[in-house]
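Q: First the structure, then my questions, so here it is.
The values are calculated or read from the model by the stated rules, or taken from the named source; none is laboratory data. In this text, all values refer to a predicted model and were calculated from it rather than measured experimentally. Note that each Cβ is placed from the backbone with ideal geometry, even for glycine, and that neighbours are counted across all protein chains shown. Keep in mind that these areas ignore ligands, DNA and RNA; they rest on the heavy atoms of the full protein, side chains included. Shrake-Rupley method; radii C 1.70, N 1.55, O 1.52, S 1.80 Å.
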Amino acid sequence: MPEKEIYDLIIIGGGPGGLSAGIYAMRAALKTALIEKGIPGGQMVMTDTVDNYPGIENISGAELSTKMAQHAQSYGLEIISREATSIDINGDIFSIKLSNGEQLDAESVILAAGGSPRKVGIPGEDECYGKGVSYCAVCDGFFFRGKTVAVVGGGDSAVEEAHYLSKLAKKTYIIHRRDELRAGKILQQRVFAESSIEVIWNKIPIEIKADDSGVVAMDLEDTQTGEVSELATDGVFIFIGFKPNNDLVPAEVNMNPGGYVITNEKCETNVPGFFVVGDLRDKFARQIVISASEGCIAALSAAWFVENKRVC
Ligand code: NAP
């Protein structure tokens, strides 16, 4: 029976970090496979417009995702469309189980699993998901043409997505828990210049109300006075940050208390051969360009690691 093939590198996650790692790994002649359970691009696919990726003034997140995937595949990168369900460390080999029961073995792994939207955790949020509650303006904004929507959050995502929704909706509210947005200044200027967007300051949602047709209103609590008011709205879009997708991180790998993986400047974790890039990595800022650069760094580190393993 032929011996089972061992990959030099397996990349898990097809966002900008994973795809960039794929490009650099193939250029370094590593036998590499990238595992992605959905469409390549990760959170980038759900972004309406990317206008801060150097060299490209304006592009849709979906198009940039397609371009990155095509670029990686032009070097012959194998993309496996399956969910990775576990990673085991067996001596100096990593064993990755897939949702179809198959197991792949590799000398090194780059985990680029990203993050998922955080929920507010209020009554009505789960019940109304898909019936007026959404975590993706590009996916669901279309259903709110000419209607009223409320965006929860004050960061880059909330402000960017509110701007996108304002092109479709009649009225867009941004509900923020403080009196100052967290989003970058240029994004802020964009929403302040849009007359159909109104920011409601110092409020948090405490309940989402619906009837048979879907969401009709939201109860808001004033963070300064505790006063509760009702805001009529047809849709609620929630962008309050995200949580790291750390389910696949082996127990041996160190994470910080927030569940982000601790790495050094080479994207190395405390486990030799196991690298983490992108939004799952403990770091200062989260941007497409940062994930893409980390993919490059990790692939070069992995190439060095695999080469040294062969020599030893
Ligand atoms: P974020 O920067 O963490 O902002 C989350 C926002 O939600 C904050 O305004 C926060 O309020 C608010 N919030 C958190 N928990 C809340 C709760 N329980 N109830 C009500 N409000 C709550 O998250 P993000 O906007 O998703 O961005 C994530 C990362 O991606 C950031 O690093 C961001 O820069 C990056 N990003 C960049 C771009 C871009 O450059 N174009 C686009 C999207 C995202 P406080 O401000 O009071 O904490």
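Q: Go ahead and set up a Gaussian network model of the chain, Cα springs under 10 Å, then flag whichever of Gly141, Gly124, Gly273 fluctuates most.
A: Gly124
Q: Moving on to the next point. I'd like to check one number: the per residue accessible area of the chain, probe 1.4 Å, reported in Å² as a whole number.
A: On the way: 15230 Å² over 312 residues.
Accessible area per residue: 49 Å².
Q: Rounded, prolate or oblate, given the Cα gyration tensor of the chain, with a/c below 1.5 counting as rounded? Each step should come with its number before you reach the end.
A: Numbers: a/c = 2.28, a/b = 2.09, b/c = 1.09.
In terms of gyration-tensor shape, prolate.
Q: Here's a follow-up. Taking only Cα atoms and a 10 Å spring cutoff, compute GNM fluctuations for the chain and point out the largest among Asp282, Asp211, Asp88.
A: Asp211
Q: While we're looking at this one, here's another question. If you place +1 on the Cβ of every Lys and Arg, -1 on the Cβ of every Asp and Glu, and leave all else neutral, what size is the dipole of region 119-238 about its Cα centre, to the nearest 20 Debye?
A: On the way: 14 positive and 20 negative charges, 111 e Å.
Roughly 540 debye, rounded to the nearest 20.
Q: Evaluate the distance, in nm, between pseudo-label points positioned 7 Å from the Cα of Leu168 and of Lys4 along their respective Cα→Cβ axes.
A: 4.5
Q: Separate question: Add -39500 (n - 2.57) for each DSSP H run of 4 or more in the chain, then divide by its residues: what number comes out at 222 nm, to the nearest 500 deg cm²/dmol? Let's see the in-between values first.
A: On the way: 6 runs with 73 residues, N = 312.
Counting only the DSSP helices, I get -7500 deg cm²/dmol.
Q: If you don't mind, another one. Could you calculate the contour length gain from Ile93 to Ser293, that is, 0.36 nm times the residue separation minus the distance between their Cα atoms, to one decimal place in nm?
A: Working: separation 200, 0.36 × 200 = 72.00 nm, distance 2.58 nm.
69.4 nm is the gain from fully extending Ile93 to Ser293.
Q: What is the magnitude of the charge dipole of region 54-201 about its Cα centre, with +1 placed on the Cβ of each Lys and Arg, -1 on the Cβ of each Asp and Glu, and no other charges, expressed in debye to the nearest 20?
A: The calculation lands at about 900 debye.
Q: While we're on this one: Using a/c under 1.5 as the rounded threshold, could you call region 119-238 rounded, prolate or oblate? The axes a ≥ b ≥ c are square roots of the C-alpha gyration tensor eigenvalues, and prolate needs a/b larger than b/c, oblate otherwise. Mind dumping the intermediate values first?
A: Values: a/c = 1.71, a/b = 1.12, b/c = 1.53.
Oblate is the answer for region 119-238, as a/c is 1.5 or above yet b/c matches or exceeds a/b.
Q: Now for a different question. For each pair in Lys4/Lys243; Lys167/Lys203; Lys119/Lys167, compute the distance between the two Cα atoms and list the pairs where it is over 31 Å.
A: Flagged as over cut-off: Lys4/Lys243.
Q: Now, a different point. If the label point is 7 Å along Cα→Cβ of Arg145, which residues in region 23-65 have backbone nitrogen under 20 Å from it?
A: Residues passing the 20 Å test: 48-49.
Q: I need the phi-derived Karplus couplings for region 189-194: 6.51 cos²θ - 1.76 cosθ + 1.60, θ = phi - 60°, integer Hz, Gly and Pro marked x.
A: My calculation for region 189-194 gives 4, 5, 6, 5, 7, 9 Hz in order.
Q: Tell me which trypsin sites (Lys or Arg not before Pro) from region 1-95 have a DSSP coil assignment and no more than 12 other beta carbons within 10 Å of their own. Numbers along the way, then the final one.
A: On the way: sites: Lys4, Arg27, Lys31, Lys37, Lys67, Arg82; in loops: Lys4, Lys31, Lys37, Arg82.
In loop regions of region 1-95 (DSSP not H, G, I, E or B), the sparsely surrounded trypsin sites (Lys or Arg not before Pro) are Lys4.
Q: If you don't mind, another one. Give the calculated FRET efficiency between Glu102 and Trp304 to the nearest 0.05, with a Förster radius of 30 Å applied to their Cβ-Cβ distance. Please report the intermediate quantities before stating the final value.
A: Values: r = 29 Å, r/R0 = 0.95.
Efficiency, from the Cβ-Cβ distance: 0.55.
Q: For the modelled label position 7 Å from the Cα of Asn58 along Cα-to-Cβ, which residues of region 149-182 have backbone nitrogen atoms closer than 20 Å?
A: Correct set: 157-169.
Q: Evaluate E = 1/(1 + (r/R0)^6) for Glu127 and Arg177, where r is the Cβ-Cβ distance and R0 equals 25 Å; express this FRET efficiency to the nearest 0.05.
A: Details: r = 23 Å, r/R0 = 0.90.
Computed FRET efficiency for Glu127 and Arg177: 0.65.
Q: Would you mind working out the magnitude of the charge dipole of the chain relative to its Cα centre, with +1 at each Lys and Arg C-beta and -1 at each Asp and Glu C-beta, to the nearest 20 Debye?
A: Values: 29 positive and 43 negative charges, 116 e Å.
Using only the charged Cβ atoms, the result is roughly 560 debye.
Q: Given region 1-66, report the % of alpha carbon pairs whose separation exceeds 15 Å.
A: Working: 1249 of 2145 pairs.
Cα-Cα pairs of region 1-66 separated by over 15 Å account for 58 percent.
Q: Which distance in nm do the two modelled labels at Asn202 and Thr225 give, with both placed 7 Å along the Cα-to-Cβ direction?
A: 0.8
Q: Return the distance in nm (one decimal) between the two label points of a simple spin-label model at Ser81 and Ser116, each offset 7 Å from Cα along Cα→Cβ.
A: Rounded to a tenth, the inter-label distance reads 2.2 nm.
Q: Decide, for region 1-131, between rounded, prolate and oblate: order the square roots of the alpha carbon gyration tensor eigenvalues as a ≥ b ≥ c, take rounded if a/c falls under 1.5, and otherwise choose prolate if a/b is larger than b/c, else oblate. Don't jump to the answer; show the numbers that get you there.
A: Working: a/c = 2.61, a/b = 1.33, b/c = 1.97.
It comes out oblate by the Cα gyration axes.
Q: Considering the options Ile59, Leu280, Val215, tell which one lies farthest towards the positive end of the dipole of the chain, charges being +1 on Lys and Arg and -1 on Asp and Glu at the Cβ, about the Cα centre.
A: Ile59
Q: Per residue of region 108-116, what does 6.51 cos²θ - 1.76 cosθ + 1.60 with θ = phi - 60° give for ³J(HN,Hα)? Whole Hz please, x for Gly and Pro, Karplus curve as stated.
A: These are the phi-based 3J(HN,Hα) values: 8, 9, 10, 9, 10, 7, x, x, 10 Hz.
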